[in-house]
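I have placed the structure first, in the form of structure tokens, so that the comments after it can refer back to it.
Coordinate-derived values only; no laboratory data. A quick note: this is a predicted structure, and the numbers were derived from the prediction, not measured. With ideal geometry, Cβ positions are generated from the backbone for all residues, glycine too; neighbour counts draw on all protein chains shown.
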Amino acid sequence: MHGHEETQAPKEYWEGRYGGEQVWSGEVNDVLADIAATLTPGDALDLGCGEGADVIWLAERGWRCVGVDISEAALARARQAAAGRGIGGYRVGFVAHDLADFEPSATFDLVTASFLHSRVELPRREILRRAVGWVNPAGSLLMTAHAAPPPWADEARKRAFLPVDPEGEIAGLDLPHGAWETRLAEIRLRKAVGPDGVEGELEDSVVLLRRLV
Ligand SMILES: C[S@@+](CC[C@H](N)C(=O)[O-])C[C@H]1O[C@@H](n2cnc3c(N)ncnc32)[C@H](O)[C@@H]1O
């Protein structure tokens, strides 16, 4: 989403970000809910799961889901939220790891990344490229990302913003020819409320790919 406007080490930055109050709404991302509802539940992996709302939503709908995030503080909140809803055991797992050098020990029917953005160093494209190899045949890769800065962003933020577009997202993956099918590649608009209570519309880049072989 942003250029690397801050110089902190990623772990330090994100632990600080999650160090206070709950950061996100606790609600599943609309795109994930909309799209995962059309898929057959199986094993899922959520990249940069934050406080775990998407993982919990998937687990409650029959998926076995692992969330990975660099922040222990975020995952502590995610684990607490899952336990509070009676979800545990084999249905959910939360792994604290830097995705820059993460290698899962299994493959998945769904790999999802909702707003895997950072204001500090994050090799997003490389991570997603590797994630292609973590998807089972007939499985899906879902990437939801900010396609534009929020309307309430200040000028500095707008300048530092690195928008994601669906075509660029797919091109960046270097997919092997004939091995993947594009199910969705579009911009979706979403109403949201900014920090000062101002209403605005956000643009999400949504890409859903299906592995054929
Ligand atoms: C914008 S938040 C999105 C969180 C969540 N997916 C959601 O939609 O609410 C980005 C998440 O990516 C995580 N993250 C950033 N860099 C990471 C890295 N190198 N490895 C693992 N997680 C990272 C952050 O800790 C944060 O939780």
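General remarks:
- Considering only Phe102, Gly84, Ser71, and ranking their Cα positions along the charge dipole of segment 62-114 that arises from unit charges at the beta-carbon of Lys, Arg, Asp and Glu, the one farthest toward the positive end is Gly84.
- Under 11 Å, Cβ to Cβ, from Asp98 - net charge with Lys/Arg +1 and Asp/Glu -1: -2
- Contour excess over end-to-end distance, with Cα ends at Thr40 and Gln80 and 0.36 nm allotted per residue: 11.7 nm
- Note that segment 116-213, at 4 °C in a medium of 1.567 mPa s, gets a Stokes-Einstein diffusion coefficient of 88 µm²/s from its Kirkwood radius over C-alpha pairs.
- Evaluated with a Cβ-only charge set (Lys, Arg +1; Asp, Glu -1), segment 66-181 carries a dipole of roughly 440 debye about its Cα centre, given to the nearest 20.
- In the chain, the calculated helix contribution to ellipticity at 222 nm averages -7000 deg cm²/dmol per residue, counting -39,500 (n - 2.57) for every DSSP H run with n ≥ 4.
- For segment 114-130, backbone phi angles converted through the Karplus equation (6.51, -1.76, 1.60; θ = phi - 60°) give residue-by-residue couplings of 9, 6, 7, 10, 7, 8, 10, 3, 7, x, 4, 4, 5, 4, 5, 4, 5 Hz, Gly and Pro being listed as x.
- Loop-located GluC sites (Glu not before Pro) in segment 46-77 (DSSP state other than H, G, I, E, B) with a sparse environment of at most 10 neighbouring Cβ atoms within 10 Å are absent.
- Between Glu60 and Arg188, the modelled label-to-label distance comes to 1.7 nm, taking each label 7 Å out from Cα in the direction of the beta carbon.
- If you take the Cα centroid of segment 114-138 and the Cα centroid of segment 61-96, the two points sit 19 Å apart.
- For segment 175-181, the Karplus equation 6.51 cos²θ - 1.76 cosθ + 1.60, evaluated at θ = phi - 60°, returns couplings of 5, x, 4, x, 9, 9, 10 Hz by residue, with Gly and Pro reported as x.
- Take the Cα of Glu72, step 7 Å toward its Cβ, do the same at Asn136, and the gap between the two points is 3.3 nm.
- With the largest listed first and rounded to whole Å, the semi-axes of the equivalent ellipsoid of the chain from the Cα gyration tensor are 24, 22, 17.
- Rounded FRET efficiency, nearest 0.05, which uses the C-beta distance separating Ala160 from Thr107 and R0 of 45 Å: 0.80
- Each label point was placed 7 Å from the Cα along the Cα-to-Cβ direction; for Glu6 and Ser25 their separation is 2.3 nm.
- Of the beta bridges in segment 71-213, as assigned by DSSP with both residues counted there, near 75 percent are antiparallel.
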